[in-house]
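Student: What follows is a single structure, and I will ask about it in a moment.
The values are calculated or read from the model by the stated rules, or taken from the named source; none is laboratory data. Note that the coordinates shown come from a computational prediction; the quantities given were computed from them, not determined experimentally. Here the Cβ positions follow ideal geometry from the backbone for every residue, glycine too, while neighbour counts run over all protein chains shown.
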Amino acid sequence: MQKDAQATEQNEDSAHLNKERAIVGRDRPMPAADDAALAGRLSKGERTAAEDLVNRYYERIYLFMRAMGHNRQTSEDLTQETFLRAWYHIGQLRDGKALNGWLFRIAGNASKLHHRRHKDRPTVDLDSIEPPAGGDDGSERAGEREQMGHLHEAVARLPWKLKQAIVLHYMEQLTISEAAGAAGIRSGTFKSRLNRGLEALRGEVADE
């Protein structure tokens, strides 16, 4: 039953992302402008810039929300909320090159606020955000997916701040500086959270 539920959730994720690609036109070639230029266009209120921002970051923000433990519908809602907040507060972005970390900071704040409001509700199983496996499914591949599933479950059980550090740096592949900015803390503090998160994960994996 649990595997069936995970498969259903996974199919819903794939369908949702495919739908959003069609809506925002993500299949179009990405604009050549870098984040600094995009931020400049956003600050001028260009509507096409807002579309380009969604094209560039929608899937990453959505999967960030999923990795933070939100279900599909909540992740969709929080992703949309993130872009609305970004559009409304674009004037607060001082350095266009920091658009990446700034957007994830908004996403993190939206996730944290929702978590506080619904802290008594269980989180989702992060194994459901794994993309479908391609090709032959041998025992080695199945073992790797099982290990990854255990790791995602362990991440889901981390305290919110430690989970955020792990997701930003290792799953979203932000640099320490970018991830610290997204979390709204100093790099040293972020490294401390990251190390604590890794220690907790090592402990959980070792116990299994």
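Student: Keeping to region 25-57, report how many residues are at pLDDT below 85 and over 20 Å from Gly91 (Cα atoms).
Tutor: Total satisfying the criteria: 8.
Student: Consider only pairs whose beta carbons are under 9 Å apart and that are at least six residues apart or on different chains; among these, list those whose first residue lies in region 46-69 and is free of Cβ contacts under 8 Å to residues at least 12 places away in the same chain and whose second residue is of a type in the set (Asp, Glu).
Tutor: Glu46/Asp52
Student: Sticking with this one: Do you know which residues across region 168-182 are in contact (Cβ under 8 Å) with a residue 60 or more places away in the chain and not in a helix (DSSP H, G or I)?
Tutor: Glu172, Leu174
Student: Here are the criteria: (1) of a type in the set (Val, Ile, Thr); (2) assigned to a helix (DSSP H, G or I); (3) closer than 17 Å to Arg105 by Cβ. Tell me which single one Ile185 does not satisfy.
Tutor: In the conditions (1) of a type in the set (Val, Ile, Thr); (2) assigned to a helix (DSSP H, G or I); (3) closer than 17 Å to Arg105 by Cβ, Ile185 misses (2) alone.
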